[in-house]
1. Using a simple charge model, +1 on the beta-carbon of Lys and Arg, -1 on the beta-carbon of Asp and Glu, nothing else, what dipole does segment 45-164 show about its Cα centre, in debye to the nearest 20?
2. Using 0.36 nm per residue of separation minus the Cα-Cα distance, give me the extension gain between Ala63 and Ile162 in nm, one decimal.
3. Taking θ as phi - 60°, what are the ³J(HN,Hα) couplings along segment 69-80 by the Karplus curve (6.51, -1.76, 1.60), each to the nearest whole Hz, with x for Gly and Pro?
4. I'd like the Karplus ³J(HN,Hα) series for segment 137-146: coefficients 6.51, -1.76, 1.60, θ = phi - 60°, whole numbers in Hz, and an x wherever there's a Gly or Pro.
5. Under 19 Å from a point placed 7 Å out from the Cα of Asp102 along the Cα-to-Cβ direction: which residues of segment 52-80 have their backbone N that close?
6. Just to verify a number: FRET efficiency for Gln90 and Gln154, C-beta to C-beta distance, R0 = 22 Å, to 0.05?
7. Would you work out which of His152, Asn87, Ala97 lies farthest towards the positive end of the dipole of segment 45-164, given +1 charges on the beta-carbon of Lys and Arg and -1 on that of Asp and Glu, about the Cα centre?
8. Using Stokes-Einstein with the Kirkwood hydrodynamic radius over Cα pairs, what translational diffusion coefficient do you get for segment 45-164 at 37 °C and a viscosity of 0.692 mPa s, in µm²/s rounded to a whole number?
Amino acid sequence: MTTSVNSALLATCVPALRRIFAVLTLMVCLNLVISLSAVAANPPSDLLKQPATEITISLGNSANELKFEPNHLEMVSGKRYLLRLNNPSQLKHYFTAKDFADGIWTQKVEAGKVEIKGAIHELELKPGAEAEWVFVPLKSGKYGLRCPISGHTQAGMTGEIIVTN
Ligand SMILES: [Cu+2]
């Protein structure tokens, strides 16, 4: 008797609980999406007044060695950075860190007299080129960096970017 009452109770409660759980999960997800897109569209204005921490990275060097110098970058999420990229070599190189780029908010990229606003995923620097990338990392993690030009990654033109909270 008790067992059948219990199972009848379970039969009515379990679907209801599942629905409540699904709705709660959805609400949490929506909240996350809304807060992330709020950051992406509209960073807090005090963040833009925050002085940027400067980091310089060279793509290759004057001896045409296939490497990033330095090949290890460390950042803190929520801080503003100015990444100065330069290519002192006679070869063209890429700065490719797609997962890293997915987790940052880009304020701008400046190269020559051009300033580009909005999301950037990859930069190509021709010999002698320089670019400045201003952004705020939003997601902690360990990200790979590489130059995807044929042979360059294999020769060791790789690096890592660590973002901590
Ligand atoms: Cu390269």
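Any read-out appearing in this document is the output of simple, stated calculations on the displayed coordinates, not a laboratory observation. It should be emphasised that the depicted structure is a prediction, and the values quoted were computed from it without experimental measurement. Note: ideal-geometry Cβ built from the backbone for every residue, glycine included; neighbour counts use all protein chains shown.
1. Values: 14 positive and 14 negative charges, 32 e Å.
Computed charge dipole of segment 45-164: roughly 160 debye.
2. Working: separation 99, 0.36 × 99 = 35.64 nm, distance 2.74 nm.
Fully extending the segment from Ala63 to Ile162 adds 32.9 nm.
3. 10, x, 10, 9, 10, 10, 9, 10, 5, x, 9, 9
4. x, 10, 10, 6, x, 10, 10, x, 10, 7
5. The answer is 77-78.
6. Numbers: r = 19 Å, r/R0 = 0.88.
It comes to 0.70.
7. Ala97
8. Working: Rh = 14.4 Å.
Using the Kirkwood radius from Cα pairs, D works out to 228 µm²/s.
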